[in-house]
Amino acid sequence: MEPAVIRVENATVRFNISSEKIDNLKEYFVKLVKGKLRFREFLALKGINLEVKKGESWGIVGRNGAGKSTLLRLVCGVIAPDIGSVWVNGAISPILELGAAFDSELTAGENIYLEGAMLGRSKAFMQEHFDEIVAFSELENFMDMPIKNYSSGMRARMAFAVATAVQPEILIIDEVLAVGDAAFQRKCEKRMRDMLQKDITLLLVSHSSSTVERLCDKALWLREGEAVMAGTAKEVCAAYADYYKE
């Protein structure tokens, strides 16, 4: 039996949301200093349990606000649980936002090295894989352009190309492929399938049940921060679709 590489136990994440409208930053700080800010508590995740074994592919499904992205940020260590624990054993390559680690003032070529460094790879490693990354992104003619001038689709291409070239043990993707064109989405799916053949572990958030079924063996359905169902991707996606059937 393969060992677990991700273990989430009874994880609860709590956010405080302002319960009143504040029109400007000055008003916010005045109320903050005077202790007059009012917040309401919002539970983004409620007692979530998840165990992912090496080489498994999990899809996370649910409507907007269900807690899917919060769960991925929890696993990546971006946030910590208020209750419960998260344990991860393996090098993570996350795509949580479109080029979140990119410096908008740097060129795309410069950002390849920056993103690689943030994923723990040396300059020599990135030099070795630079041409491969550029070729996969299909952005050869735009390497000298500042990232701030890239469209969301171009950012998605670059982010995916870098994240999948650094040979991670755990690949975590949050809906990033939704902005790409159909041909590039198919190309990305093929790369992920190839990576899964090499025992890469995949955690994927997608609003597309068909994508989850194609790429994932298992799935977790979240609704309003709670786990509704976990099981095979086919069973969970079928139950999810049936629940929201009009």
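The peptide list 220-230, 158-168, 114-124, 181-191, put in order of mean Cβ contacts within 10 Å with the highest first, becomes 158-168, 220-230, 114-124, 181-191. Looking at the chain alone, DSSP beta bridges between its own residues are antiparallel in about 60 percent of cases. Can you give the FRET efficiency to the nearest 0.05 for Asn149 and Ala91, using r as the Cβ-Cβ distance and R₀ = 25 Å? That pair, Asn149 with Ala91, gives E of 0.20. Checked against a 23 Å cut-off, the cross-linked pairs Lys46/Lys245; Lys187/Lys245; Lys190/Lys218; Lys53/Lys187 give Cα-Cα distances beyond that limit for Lys46/Lys245; Lys187/Lys245; Lys53/Lys187. Exposure proxy ranking for Tyr243, Tyr113, Tyr150, based on other Cβ atoms within 10 angstrom of each Cβ and starting from the fewest, stands as Tyr243, Tyr113, Tyr150. In plain terms, the C-alpha convex hull of the chain casts an average shadow of 15.9 nm² when viewed from every direction.
When Leu196, Leu71 are arranged by Cβ crowding within 10 Å, least crowded first, meaning fewest neighbours, the order is Leu196, Leu71.
Per residue, the convex hull spanned by the alpha carbons of segment 153-246 comes to 112 Å³. About the centre of its Cα atoms, segment 4-243 shows a dipole size close to 800 debye [charges on the beta carbon of Lys, Arg (+1) and Asp, Glu (-1) only; nearest 20 debye].
So what's the back-of-envelope 222 nm ellipticity for the chain, counting only DSSP H runs of four-plus at -39500 (n - 2.57) apiece and dividing by all residues, rounded to 500? Roughly -11500 deg cm²/dmol at 222 nm, from the helical runs in the chain. Think of the chain as a dipole: +1 on every Lys or Arg Cβ, -1 on every Asp or Glu Cβ, centred on the Cα centre; then among Ala159, Pro146, Ala230, Ala230 lies furthest on the positive end. In a simple Cβ point-charge model (Lys, Arg +1; Asp, Glu -1; nothing else charged), segment 105-246 has a dipole of about 200 debye relative to its Cα centre. Choose one of Ala124, Ala66, Phe42: the residue whose Cα lies farthest towards the positive end of the charge dipole of segment 4-243 (beta-carbon charges +1 Lys, Arg; -1 Asp, Glu; about the Cα centre). The listed residue farthest towards the positive side: Phe42.
Every number here is computed from the coordinates shown, using simple stated rules; none is lab data. Nothing here was measured: the structure is a model prediction, and the numbers come from that model. Glycine gets a Cβ as well: all are built from the backbone with ideal geometry, and neighbour counts include every protein chain shown.
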